[in-house]
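**Q** Structure provided below as structure tokens; questions to follow.
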Amino acid sequence: MFVLSIIKDTIPIPPANFGVPTEKALINEINKKYANRVLHDVGLCICVFDLAEAGEGKVRYGDGFLWYKVKFRMVVFRPFASEVILAKVKSSDEDGIRLTIGFFDDMYVPLAYLPQPSAFDPNERAHFWLPDSGATTTHELLESPTADRMYIDQGEIVRVRVETDEFYDDEPGPPKAAEGVAIKREARRPPYTVICSISEQGLGPLPWWKNALPDEDMMEEG
């Protein structure tokens, strides 16, 4: 789930931090710049692990900052394909299920990776499936007795397998005018998404006695 990535950058230290030990000041400034930021094809940056190299600070004309060329290792969230992790159901809609692991919410289970046969119940705003059912259409599934359905409810802990991840670099761009004076803005995709599956045996909602454990313990199991 977490990896170490080596990054090179030039980091400024403001005059107010000149009295702070150089290593500590650099780590603070790197974390300010990178923490909770998605790097394309790298992942979601969490925090600095350590400094590998740091040159001598140089003052640039006009700003008074000390600039350091540094090489450091960053803790990055990027689960690998086929990794099994625990996540919580954040929401559901007609397109699938959105998951969260607390610090990252852009995890999705699309319809193709749900257990079959399954359907979305608009009244409950949740997906369900019917084990060993012969139903083949959404209409047939929605006509089934509610007691026979196995729902994947909001807030439930599920075990998922990572299928793939996707990076996007959507530029905001200018708004587009629709009819008349109405202004239409293009929807922006999240910069990093993780696609997961719960279609295999052993995946999906945990047994009730495990699902009742504190969230922190559940996340550590993954």
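**Q** Test each condition in (1) at pLDDT below 95; (2) open to solvent by 20 Å² or more (accessible area, probe 1.4 Å) for Asp106 and report the one that comes out false.
**A** (1)
**Q** Being outside any helix (DSSP H, G or I) and touching a helix residue (DSSP H, G or I) at 6+ places or on another chain (Cβ under 6 Å) is the filter here, so list the residues in the range 3-25 that pass it. Break it down into steps so the answer makes sense when it comes.
**A** Of all residues in the range 3-25, those outside any helix (DSSP H, G or I) come to 3-14, 18-21.
Matches in the range 3-25: Ile11, Ile13.
**Q** Report yes if some residue within the range 3-19 is open to solvent by less than 50 Å² (accessible area, probe 1.4 Å), of a type outside the set (D, E, K, R) and within 23 Å of the chain's Cα centre (by Cα); otherwise report no.
**A** Within the range 3-19 (the criterion being open to solvent by less than 50 Å² (accessible area, probe 1.4 Å), of a type outside the set (D, E, K, R) and within 23 Å of the chain's Cα centre (by Cα)), the answer is yes, since at least one residue qualifies.
**Q** Could you check the range 79-162 for strands (runs of 3 or more DSSP E) lying wholly inside it with 1 or more residues that are charged (D, E, K, R) and under 27 Å from Leu44 (Cβ atoms)? Lay out the reasoning, then the answer.
**A** On the way: elements: 84-93, 96-100, 107-110, 118-121, 126-129, 150-152.
In the range 79-162, 84-93, 96-100 are the strands (runs of 3 or more DSSP E) which contain 1 or more residues that are charged (D, E, K, R) and under 27 Å from Leu44 (Cβ atoms).
**Q** May I pose another question? Any residue at all in the range 93-101 that's open to solvent by 60 Å² or more (accessible area, probe 1.4 Å), under 14 Å from the mean Cα position of the chain (by Cα) and more than 24 Å from Trp129 (Cα to Cα)?
**A** No, the range 93-101 contains no residue that is open to solvent by 60 Å² or more (accessible area, probe 1.4 Å), under 14 Å from the mean Cα position of the chain (by Cα) and more than 24 Å from Trp129 (Cα to Cα).
**Q** Whether any residue in the range 52-73 is modelled with pLDDT of 90 or more, part of a loop (DSSP other than H, G, I, E, B), open to solvent by less than 60 Å² (accessible area, probe 1.4 Å) and over 27 Å from Phe103 (Cα atoms) is what I want to check.
**A** Yes, some residue in the range 52-73 is modelled with pLDDT of 90 or more, part of a loop (DSSP other than H, G, I, E, B), open to solvent by less than 60 Å² (accessible area, probe 1.4 Å) and over 27 Å from Phe103 (Cα atoms).
**Q** Residues to consider are Val59, Val42, Val20; find the one that is closer than 25 Å to Pro190 by Cβ and either among the charged types (D, E, K, R) or free of Cβ contacts under 8 Å to residues at least 40 places away in the same chain (or both). Step through it out loud before you land on a result.
**A** On the way: Val59 fails: closer than 25 Å to Pro190 by Cβ; Val20 fails: closer than 25 Å to Pro190 by Cβ.
Just one listed residue meets the conditions, Val42.
The values are calculated or read from the model by the stated rules, or taken from the named source; none is laboratory data. Keep in mind that what you see is a predicted model, and the values were worked out from it rather than measured. Glycine gets a Cβ as well: all are built from the backbone with ideal geometry, and neighbour counts include every protein chain shown. These area figures cover heavy atoms from the full protein model, side chains too; ligands, DNA and RNA do not enter into them. Shrake-Rupley method; radii C 1.70, N 1.55, O 1.52, S 1.80 Å.
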